[in-house]
Amino acid sequence: MSDRDRQPAELGAGISRPLVMLLALTCGAAVANLYYAQPLLHTIARALSVSNGTAGLLVTFTQAGYVVGLALLVPLGDLHERRALITAMLVIAAAGLGLAAAAPSFTVFALALAVLGVMAVVAQIVVAMSSSLAGEHERRVVGTVMSGLLIGPHGPHHQRHRRRAVRMARDLRRRGRRDGAARRRPAPDVSAHPHDRAAELPGAAALGRPARPW
């Protein structure tokens, strides 16, 4: 008897609606990782000091990783416990996202996206698990989970919303950096005499005398 046959959670006993929605969300988020970099290729090229053509290879690396995952990882869902496999793949995907966020070079960033591409196939394993969890009367479970997989990267207006969300996150990060730099900037010495402060004004040294503040 295989490990998969011994799973108590995959006996078709039924599945709750919140769990169905969670599985659909997981599918959509996993597959959407394949496309998050596309609206930011020009920004990535400037940040990592590469050409736009080189930055475009990131899409190829991600999709190539997805093909590798389909060939090597999806079949493991029929041989091993799916819950443990899904958990491990999601943890690795989270690590890949962290690596992409902190990538110091184009090579490291491309490696992180390739890892995300491989781990994106967790969506297919989640769909298979939802089919096993669902009871005979719950025919809509697989359809609902599949809708999350399809809406994730290809839903209506998704491209526009994805670009807006990514740009909003980028703007928030820039604003945080500006605020941090402003807090680290030394405050002016308000205890100094006005004539002493006037001596620091532009042109005061050139005239050989302190410039009057008025």
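The values are calculated or read from the model by the stated rules, or taken from the named source; none is laboratory data. In this text the structure is predicted, and so the values were computed from the model without any measurement. Neighbour counts are summed over all protein chains in view; Cβ atoms, including those assigned to glycine, are modelled from backbone coordinates with ideal geometry.
Residues being modelled with pLDDT of 65 or more and either over 16 Å from residue 37 (Cα atoms) or part of a loop (DSSP other than H, G, I, E, B) (or both): count how many of those fall in segment 136-169.
So the answer is 13.
Take residue 67 and tell me if it is surrounded by fewer than 14 Cβ atoms within 10 Å (Cβ to Cβ) and farther than 19 Å from residue 29 by Cβ.
Yes.
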